[in-house]
Every structure is written in structure tokens, then in C-alpha cells.
Amino acid sequence: MNLVLIAAPISQTLKEKLLSESFQFIDTEKLQEQVELKALVKGIITSNKLVLDQAALSSFPQLQWVARIGSGMEIIDTKYCDAHGIRYYNSPGGIANAVAEHAMGMLLGLLHRIPDSFAEIQDGLWMRESNRGQELQGKKIGIIGFGHTGQALVQKLQGFDVDILVYDKYFQVPPSSNYQVCDLSTLQKEADIISFHVPLIEETRHYYSSSFRDGMKKKHILINTSRGGVADTQAILDGLKSGKIMGACLDVLEEEKNIIHHLNSAESVLEKLMTYPVVLTPHIAGYSHEAIEKMSLEIIRQLFSVPVQITQTFVHAKKFELSLIVDQEHLDHNDHVNNLEYIKWAHWISSKHWEAEAETMYREKLKWVVVKNEIEYLKPLFHGDEVRLETWIEKIEKAKCWRRVNIYRKSDQQLVATAMVVWYALDAVSGRPSRIPQELTNHFLNIPPTYSNL
């Protein structure tokens, strides 16, 4: 018997895939009643409700893999997993859109005093002057961490006429006209609003500290939708009290379990925070209905090494392939292929596909710009590896085109990276957005013609 311990919400799609692979399910409650079944558990699907430290992991003698619904891996002892050959996965891309939308909602609510004015109306008050809001337009927003959620938030901000500053210590952020890549001191000097999108590791614990706060040159708004431990609660409270922090949007807090048990206490952290201009939510930014499905699909793709599409696609969309060999110039200081090279490859094959398939009249009429890169790195590539690139268009809406790029290592056909690149069509003459002609959509998505007048 192959058992999977389910300790997180998952989609029906993932359940059906596990069943098709001859797995059976068990939940934590049943496992507590029948402890002897731990010997049969081959996989665990977890969330932040189940911490898998060394003691917990070692109690499953046949454990082969752990899958995290969500992004934060601080709940899993990955060093123990590495030492014992236990594979582990997470699903950060699945929550990116939900977290970005939530951050935007909290920020707009704070700036325009939407939660406060609504609460006053519920109390029978109609207070216009005291609820005069501030506009987002013209502000400088600092994004710390340019992973899935950081990139998604940058995309959401595009239509708000703001200046975006991006800093990431570990990821080589590709240049773009949509944002300014900068160092941390520049971000602290210029940002009016700061948003954290980093994992919780020892280095990022209390990233937002009293010293970081005091290093901010302007009074500012703090957004934290990443992990509670990333921001020091006392530093936030002191900053709100002094006025250095103009407001805070917090979906996560330190010691959330303790906070839950003291919700109605006058001395609780929540009561103290709510005396200031803050918007608080109970760790739900990445908890949308759609996110559960997307995260489940990410786990399927990684666990079973099969490409699964997160967005709706046409089954028969035209695919295009190219090959290359990893050269020395592609490598970083660790002798792995540099992250930026994968993005360059995705852009390269996208352009070649366009040149190969589009008629001359369309190639002359349209030019393309990238508005979003989203990439998931699954396995490293090394010097001399032969690589197969595969691309197709998943969706077209008006002037936007969503293109999937999968990158495989030829020697074993392993999927090493998968990317979603969003392109925008521009008129070649005016440079303005141009709706993608239906004929092109039909061609690339391989949609058969309809004959409504027959």
C-alpha cells in the first residue's frame, strides 16, 4: 500500500492524479488513531498547519517525498530531507497572482480609507472629510524579492502610473522599462511604499527591523504578505507610533498562533496595531479558490515530471522546438546555467516561433514587447548539456499573448525549467498597443474556422 498523508487543502485534479498513480489517502486525524500506518506513508502534502522537522520526518521510515502547498519551506527540515534522499517541492507560482491582488487591495484600501469609512457607516456615521484618501499615482514603490509574487505585483502596478524599484539579493533581475533595478540603499532612500516578497530564512528574519525602518529616508507604508517573521512587530508598532510608518498592510504577523488565542485581549498585538492606520487580514493573501488549483497543478508537474498547464489552453496549439548546447558563457559562478539565460532562451525561441509561423504581412505590421516573465527552475543545467526548448501559445486576449516555454535536458528528457512569458503586440509604425488579428489567433492556437453562414 502506498499512502499519502494529506495535511493541506488540495484540488480534485491532484487527488485524481494521485489515485491514478496508485496512491491512497490518509489525513492527520486518522494517522493519530492508527500510528502504525506511518510505516506505509510514501508522500506528504503539507501546508503551514503541519511542521515537518527532523523528529516528524524521521517517524516516516518509507517517506520518499514532501510537497508543500504554498511557498515557504521553513516548515520543512530540508537538510534532513537532503541527507535521507527525500525529495521536496513547493508551489510558489500558484499563489503569486492571488498574493499580488491581495497586496493591491490592501494598499488601495489603506490609501483611500475604505475599511475605516465602511466600519464608520456600519456604526451610523457619514464622515467625508476625515476619510479623505491619498492617490497611489506618482508614488515610488519598492519591491524586495523578485520571485513569483514580487513579479506578479510589479505586473499589477503597471496601470497605476507609479515608479517601481526592485531589489533582490539572490536573483539577477532582468532589466526592464517597467521597473528600475536598484540596490537596497537606493530603495530605502527613494521608496514611499515598501513591499516584502521573500522567504523566511535566518537571513530574512526581522528583515524589516528598527534599523531598517530608521534607514528609510521617507515616511512610508509597509506591506507584508510574505511571512510574519520577516517584519519585527515591535519595530512596526514603534514606527507607527512615531509616525515614521504612515500605515501598514499586514496579511502575516509574528507568532500568529499566539495571536489567534488572544484575539479579544486588550493587550493583544492586534488591538495595539488597530489603534493606527493599518489594514489587517488573517493570512489569506494566497488562499483563493483559484490558487489551490494552481498550486495543485504545480505539485503534479514537479512530482510526476509532466508539464501541466496552469492557465486554460487549446490542446492542439501549434508547438515549436529548438535545441542548443550549454556553453561556458551561459554559466554563473556556481557553474550552473545563469538564471537570466533561461529567460533569454525563452525570448529567443518565442521570437523564432513568430518568425517561422507568422506571415510576412503580420511580421511587418506588429512588433512585440515582454510585459511579464514567470519562470520555475526545477533542475540545474551544466556545461555541455544538450537542451531542447519547446514553446506554444496558451492564450490570446486583445493585444496580450501568453506563451509557455518548457526547457528539457536532452540526455534524460527531464523538464528542468518552465516559463510563462507574456507578450504585448504593438503597431510597428505608431508603437501603440494593437489587437492581435483573429486570423493570427486561429493560426497559432490551431482553431478550426467556423462556417456560421452555411
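The values are calculated or read from the model by the stated rules, or taken from the named source; none is laboratory data. Just so you know, these numbers come straight off a predicted model, no measurement behind them. No Cβ is skipped: glycine too gets one built from the backbone with ideal geometry, and neighbour counts run over all protein chains shown.
Odds and ends about this structure:
- Whenever a residue of region 400-416 is free of Cβ contacts under 8 Å to residues at least 24 places away in the same chain, its partners that are in a strand (DSSP E or B) and basic (Lys, Arg), lying with C-beta atoms within less than 6 angstrom and at least six residues away or across chains, give the pairs Tyr408/Arg388.
- Arg128 meets the conditions (1) under 30 Å from Thr186 (Cα atoms); (2) of a type in the set (D, E, K, R); (3) not assigned by TED's automatic domain parsing to the domain that holds Gln12 in every case but one. The failed one is (1).
- Every residue from region 9-31 that is under 20 Å from Gln64 (Cα atoms) and part of a helix (DSSP H, G or I): Leu14, Lys15, Glu16, Lys17, Leu18, Leu19, Ser20, Thr28, Leu31
- Helices (runs of 4 or more DSSP H) fully within region 252-321 counting 3 or more residues that are under 18 Å from the mean Cα position of the chain (by Cα) and modelled with pLDDT of 70 or more: 289-303
- Only one of Leu153, Leu165, Leu136 that is within 20 Å of Gly228 (Cα to Cα) and within 25 Å of the chain's Cα centre (by Cα): Leu153
- Residues that are over 30 Å from Glu290 (Cα atoms) number at least 3 in the following helices (runs of 4 or more DSSP H) confined to region 72-139: 78-83, 114-122.
- Enumeration of residues in region 339-360 that are among the polar types (S, T, N, Q) and buried (at least 16 other Cβ atoms within 10 Å of the Cβ): Asn339, Ser350
- Check on Leu454, more than 23 Å from Glu390 (Cα to Cα) and modelled with pLDDT of 90 or more: no
- Residue ID - modelled with the highest pLDDT, chosen from residues in region 126-146 that are surrounded by fewer than 20 Cβ atoms within 10 Å (Cβ to Cβ) and either out of contact with any helix residue (DSSP H, G or I) (no Cβ under 9 Å at 6 or more places or on another chain) or under 19 Å from Val198 (Cβ atoms) (or both): Gly138
- Note on region 169-189: among residues that are in contact (Cβ under 8 Å) with a residue 24 or more places away in the chain and crowded, with 17+ Cβ neighbours inside 10 Å, the one that is farthest from Gly239 (Cα to Cα) is Val173.
- Residues within region 429-439 that are surrounded by 14 or more Cβ atoms within 10 Å (Cβ to Cβ) and either farther than 20 Å from Gln155 by Cα or outside the structural domain of Ala358 (by TED's automatic domain parsing) (or both), tallied: 2
- Matching residues, region 343-381, being among the β-branched types (Val, Ile, Thr) and over 20 Å from the mean Cα position of the chain (by Cα): Ile349, Thr360, Val369
- Boolean, Ile221 is in the same structural domain as Val166 (by TED's automatic domain parsing), in contact with an Asp or Glu (Cβ under 8 Å, 6 or more places away or on another chain) and either in contact (Cβ under 8 Å) with a residue 12 or more places away in the chain or in a loop (DSSP other than H, G, I, E, B) (or both): yes
- Meeting the requirement of 2 or more residues that are under 15 Å from Leu324 (Cα atoms), the strands (runs of 3 or more DSSP E) wholly within region 342-430 are 386-397, 400-409, 414-427.
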